[in-house]
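The next block holds one structure in the form of structure tokens; read it before the comments.
The values are calculated or read from the model by the stated rules, or taken from the named source; none is laboratory data. Here the structure is a predicted model, which means the values were calculated and not measured. Every residue, glycine among them, receives a Cβ derived from its backbone with ideal geometry; neighbour counts consider all protein chains shown.
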Amino acid sequence: MSQNDVIFKGRVMSLTVLRLNSSDTERVTAGIETEVARAPKLFNGLPVLIDLNRHAVDIARVADIARAQGLMPVAVVDADEATAATARASGLGVLQQGALDTQTARPRSDERPAARIVDQPVRSGQQLYARGTDLVIHAPVSAGAEVLADGSIHVYGPLRGRALAGCRGDESARIFCQSLEAELVAVAGNYLVAEDIASEHRDRPSMVRLVEDTLTIENL
Amino acid sequence: MAKIIVVTSGKGGVGKTTTSASFATGLAQAGHKTVVIDFDVGLRNLDLIMGVERRVVFDFINVIAGEATLKQALIKDKRVENLYILAASQTRDKDALTEAGVARVIDELSKDFEYIVCDSPAGIEKGALLAMHFADEALIVTNPEVSSVRDSDRVLGILSSKTARAKSGESVREHLVITRYDANRVARGEMLSVEDVKDILAIPLLGVIPESKDVLNASNQGSPVISLPDVQAAEAYKDMVARFLGEERAHRFLDPSSKGFLNRLFGG
């Protein structure tokens, strides 16, 4: 007897949720465009679950705009009956409200995929992004390079470029490096540019983290 | 199968063509059949530095366009055995370069030559990308100053992501060549040191060429620096070629020169 070519399995996966806060289709689509424009690389090809939040928008149009922005809408949740029908008709899945057990877009820490580990130098003009996880770089990060992670960033070498941890709002994310020479460091949107980094931290092994909403640097 | 080496830098005016000319000459002098190609279409210089500008009939673009055969376009160096030059076109621009065309020419050259040296134009546009596309190894030419080092870093990033080797999961072997090095100015803190540059770029050092008036004189004469007798820059290029071919040689000309009599007298 031959094995089945396909198998259905139940798996729990983390998925980015796009939550609507308005019933005005135009405002929603404009909002998507603005958010994506802030970091196009971050969103490119990202599957999203659209949380309608009971708003009766033109879901077909919202999904089209999201696709045009590089997102991949896979399903809707918390839709009224009419909107759910339109969603089905335009090829989106419809999930029950109970399927949504988290209110944030971040994956929970226990669901994070393994860290992204890089052994090559990150050169000027290059951008590296660890989606949904930590970024570990075992090489220098050059001036003019940019490293981003939804989790923490660890640089075993000098950090001379820009480092942005907690890109999707994780305030517990941190940046560690063996020599802090960065152009910019940021955690969950709070940033310091080179000019703001005190000389006692420059060129030293350091940790950058948020302490009560203030980005602080500590020597290691 | 030939080894393809790109000489590149990102920034202009740092010494790519000077280095290409001397490097190719050095390889040929060591007995290896070598061709050096000028990829700087529209701003052709290599033929001047090699002193063959009066013998260019057909160029690289003619070969790509099928208007001439490689045999017709290759210029044999009169001074050094085993050395050939493929000049760039001065009347065309870089759009005349195509990936398929370059691939065909390099493929054909590979059958005949041991080393193919590609002299890249400045920048990171089409000409530069195609010069590095088929490279097995790269000489990164850098001046000891921050903007040159930054641009070299950018080029290293492109080498490791956009070349044919990078796309097939292999890597291009990288060599650092520091040119226009002035040990006296380094000692005064006016220039980055060899260590500073190595620290930022994190690739192995192949050679350090001292700043020298002889380099300009050599270009004016149409003779690669490496061919000049009793010249520090020539010695440094010879060391560089020897290291490339696997010989171990210590780096020279890294220390400030002892001050001359007049300098000492006037505290210069």
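Within the stretch B:215-238, how many residues are buried (at least 16 other Cβ atoms within 10 Å of the Cβ) and under 18 Å from the mean Cα position of the chain (by Cα)? Even if it seems obvious, please write down each step before you answer.
Let us first name the residues in the stretch B:215-238 that are buried (at least 16 other Cβ atoms within 10 Å of the Cβ), namely B:215, B:218-219, B:223-228, B:231-238.
Filter once more, so that each one left must be under 18 Å from the mean Cα position of the chain (by Cα): B:215, B:218-219, B:223-228, B:232-238.
Here the count works out to 16.
Report every pair of residues separated by at least 6 positions or lying on different chains whose Cβ atoms are under 6 Å apart, first residue within the stretch B:9-29 and closer than 18 Å to B:D151 by Cα, second part of a helix (DSSP H, G or I) and basic (K, R).
Close Cβ pairs (under 6 Å, with a partner that is part of a helix (DSSP H, G or I) and basic (K, R)) amount to B:S9/B:K16; B:G10/B:R154.
Tell me, which residue of the stretch A:135-168 that is more than 11 Å from the chain's Cα centre (by Cα) and more than 30 Å from B:G123 (Cα to Cα) is nearest to the other protein chains (Cβ to nearest Cβ)?
Looking at the filtered set, the residue picked out is A:Y156.
Does at least one position in the stretch B:216-224 carry a residue that is within 12 Å of chain A (Cβ to nearest Cβ) and either in contact (Cβ under 8 Å) with a residue 60 or more places away in the chain or β-branched (V, I, T) (or both)? Spell out how you get there, then give the answer.
Looking only at the stretch B:216-224, we keep the residues that are within 12 Å of chain A (Cβ to nearest Cβ), and these are none.
No, the stretch B:216-224 contains no residue that is within 12 Å of chain A (Cβ to nearest Cβ) and either in contact (Cβ under 8 Å) with a residue 60 or more places away in the chain or β-branched (V, I, T) (or both).
Take the conditions surrounded by fewer than 16 Cβ atoms within 10 Å (Cβ to Cβ) and modelled with pLDDT of 90 or more and apply them to A:V211. Does it pass? Show your work before the answer.
Details: surrounded by fewer than 16 Cβ atoms within 10 Å (Cβ to Cβ): yes; modelled with pLDDT of 90 or more: yes.
Spelling it out, A:V211 is indeed surrounded by fewer than 16 Cβ atoms within 10 Å (Cβ to Cβ) and modelled with pLDDT of 90 or more.
With B:E53, B:E108, B:E114, B:E145 as the choices, which residue is closer than 20 Å to B:A28 by Cβ, surrounded by fewer than 20 Cβ atoms within 10 Å (Cβ to Cβ) and either within 14 Å of chain A (Cβ to nearest Cβ) or touching a Gly at 6+ places or on another chain (Cβ under 8 Å) (or both)? Give the steps one after another, and end with the answer.
On the way: B:E108 fails: either within 14 Å of chain A (Cβ to nearest Cβ) or touching a Gly at 6+ places or on another chain (Cβ under 8 Å) (or both); B:E114 fails: either within 14 Å of chain A (Cβ to nearest Cβ) or touching a Gly at 6+ places or on another chain (Cβ under 8 Å) (or both); B:E145 fails: closer than 20 Å to B:A28 by Cβ.
On inspection, the qualifying residue turns out to be B:E53.
Residue check, B:G101 against (1) more than 14 Å from chain A (Cβ to nearest Cβ); (2) touching a helix residue (DSSP H, G or I) at 6+ places or on another chain (Cβ under 7 Å); (3) surrounded by 18 or more Cβ atoms within 10 Å (Cβ to Cβ); (4) in a helix (DSSP H, G or I), all met but one. Which one?
For B:G101, the exception is condition (3).
Within the stretch B:159-203, track down each residue that is free of Cβ contacts under 8 Å to residues at least 12 places away in the same chain, within 12 Å of chain A (Cβ to nearest Cβ) and in a loop (DSSP other than H, G, I, E, B).
B:S171, B:A202
Just to be sure, is B:A218 modelled with pLDDT of 95 or more and either among the hydrophobic types (A, V, I, L, M, F, W, C) or assigned to a loop (DSSP other than H, G, I, E, B) (or both)? So that I can check it myself, show each step before the final result.
Values: modelled with pLDDT of 95 or more: no; either among the hydrophobic types (A, V, I, L, M, F, W, C) or assigned to a loop (DSSP other than H, G, I, E, B) (or both): yes.
So B:A218 does not fit the description; no.
Would it be correct to say that B:G15 is within 19 Å of the chain's Cα centre (by Cα) and closer than 19 Å to B:D214 by Cα?
Numbers: within 19 Å of the chain's Cα centre (by Cα): yes; closer than 19 Å to B:D214 by Cα: yes.
Yes; evaluated as a whole, the condition is true for this residue.
Scan the stretch A:109-134 for residues that are farther than 19 Å from A:P205 by Cβ, more than 13 Å from every other protein chain (Cβ to nearest Cβ), touching a Ser or Thr at 6+ places or on another chain (Cβ under 7 Å) and not small (G, A, S) and jot them down.
Hits for the stretch A:109-134 are A:E111, A:R112, A:P113, A:R116.
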